[in-house]
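All remarks here apply to the structure that follows.
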Amino acid sequence: MTDPTNGRTDGRRSGTPRRRRLARTAIGLTAVLVLSVAGAGAWFYHRLDTNISTFDPGGVATSRPPAPVPVTPGARLPVNVLVLGSDTREGGNDALGGGDIGVGHSDTAILLHVYADHKHAVGVSIPRDTLVTVPSCKLQNGTWTTPRTNQMFNEAFTVGEFPNGNPACTQNTVEALTGLRIDHTIVVDFRGVAAMTEAINGVDICVPNDVNSHDIHLKKGPQKISGQPAVDFLRARYGFGDNSDIGRMKRQQAFLSSMIKKVQGQGFSLPTLLPLADAATRSLTVDEGLGTAMKLVDFAQSLQNIKLADITFVTTPWRFAGDRVALVHPDVDTLWALLRQDRTLDGRPTGQGDPATTPTGPATSANAVPTGPAATGTAPADGTAAGTAPVTSPAAPTGPAAPATTAPVTVTVPIVVVNGTKTAGLAGRAADTLRAKGYQDVTLDATGGGRLTTDITYPAAQRAGVEQLAALFPGARLVAESGADSVVITLGRDYEPAAVSPSGGPSPSSTIPSTIPTGIADNARTADTDPCANLTFG
């Protein structure tokens, strides 16, 4: 049963505070990795169980992106984990964070996409000041808000002024923004950052310049921090680089990489494990799917094969919009489409595709992004990403090849287009695009609805042809169905009818590009990057 006053499950701690910055991201991921090799007995799990807090699942939206379906029966699925840091001062966090007690914001948010091969991952940082639409969210009295446009992203966590924040509302916001279904949400607080860094005897960091600001005093260069100094370093905005939140996120990404490296390097002996796991779980508020130590262990075991070099951090393509941040289109749309298709940032599949569709290329990490100049100033007014020169990249797959202008012989069953949105005429426009490409056996089913993303279901024998057809529907999820006798395209709100060129092909913007947009490449770093590299903006 859920306590309506604070969204916690009976039997959990009632005073657990909310969570803070990217440091929490480090906590969420590294704690999970540590737990995976626990094996310390039932007493240990019971102790951790009493630490963990959960939030009310009733606040999660009922209209959500669809859950992924395995390519083949029994195949592993990608996993999306939203990690939030809260700046609440409640529950003893005022001593570490300073300021008054009150409802916090989720000033740090990382969407961790674990690929279906469970050997690669991408962590996407969403700037706190990003202007987004906050969808309908549940209040403490059980009613739901109306959607609000042009809101700062971190405001979603405060909707309803729950004592421990509203992670469900932030989850709803991210799902609406990305079209990705969030499988798990983790929130971490100040105390967890301090305790975990102390439990592993400090984290190696690199300070971009001497800092003497707001009680933070650090010398330029590599050093090790833990406890309160770690909290201060991760929270600090002023005194580093150009004092921007973008620069702070870069430092937080480097910190997280260093923390993961430290935990992996120390090994998982019980003396290391117990204090770290204890500190981590005391700082967590999670969804019910991760609400026990055993569930955390099961999830952690699925991450054990991810190497540091195969974790990439990227900040959403962005530009300044006054004193706020706007997302840069179409670069950010490409980013979400890549993740929805479970492709790496350079467009590669991670081992799920047929051999015939698996691209060839340089033998590099599947998450490798081309090396380009770091952002060196405010993003240009035209909305392109900041940088000093164009970024080039090795050849990368563009997804399924565009269909020929004549009817492809590989699709030999009827095609049904379903309008899963409330946009009148959308199915007809999609059908026109298909017919212009030579697909003639096309019928419509204008059902309407609130679907967010596009699905294409098909008979398994039609896979090659459907992958070809899917180029007209970037970001669509492909689902093989046994016994199906037609291809059914159910349009979501992510579908934008392609402009048909004179030759009948889709407009260039309707497919994943062959090179990584600079808005993605300039904002990306792999977890094994030198910790002193690219820590500031400006």
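Please compute the Kirkwood hydrodynamic radius of region 280-321 from all pairs of different C-alpha atoms, in Å with one decimal. Mind dumping the intermediate values first?
Working: mean 1/r = 0.0752 Å⁻¹.
13.3 Å is the Kirkwood radius here.
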Legend entry - Amide H partners (placed H, <5 Å) of residue 207, local residues excluded: 221, 223
Legend entry - Distance histogram for region 184-335 (every C-alpha pair counted, 10 angstrom bins, percent rounded to whole numbers): 9, 32, 35, 20, 3, 0
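Among 477-489, 173-185, 248-260, how do they line up by average Cβ neighbours within 10 Å per residue, starting with the highest?
Working: 477-489: 16.5, 173-185: 22.8, 248-260: 25.0.
Sorting 477-489, 173-185, 248-260 by mean packing, highest first, produces 248-260, 173-185, 477-489.
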Inset, instruction - Calculate the spin-label point distance for residue 424 paired with residue 533, positioning each point 7 Å from the Cα along the beta-carbon direction, and give it in nanometres. - result: 5.4
Legend entry - Residues with amide H under 5 Å from that of residue 526, placed H, sequence gap 5 or more: 313
Inset, instruction - Sequence neighbours fewer than 8 away in the same chain don't count; with that in mind, list the lysines whose C-alpha is under 24 Å from residue 119. - result: 250, 261, 262, 295, 307
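What FRET efficiency would be calculated for the residue pair residue 50, residue 301, taking the C-beta separation as r and a Förster radius of 25 Å, to the nearest 0.05? It would help to have the intermediate numbers written out before the result.
Working: r = 22 Å, r/R0 = 0.88.
Calculated value: 0.70.
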Inset, instruction - Could you list which residues have their amide H under 5 Å from that of residue 284, counting only those 5 or more apart in sequence or on another chain, with H placed in the peptide plane? - result: 53
Legend entry - Principal axes of region 113-244: Cα extent on each, largest first, Å: 49, 40, 28
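Values quoted throughout were computed directly from the atomic coordinates according to the rules given, and no laboratory measurement underlies them. Predicted model only: the values in this text are computed from it and were never measured. Virtual Cβ from ideal backbone geometry, glycine too; neighbours counted across all protein chains shown.
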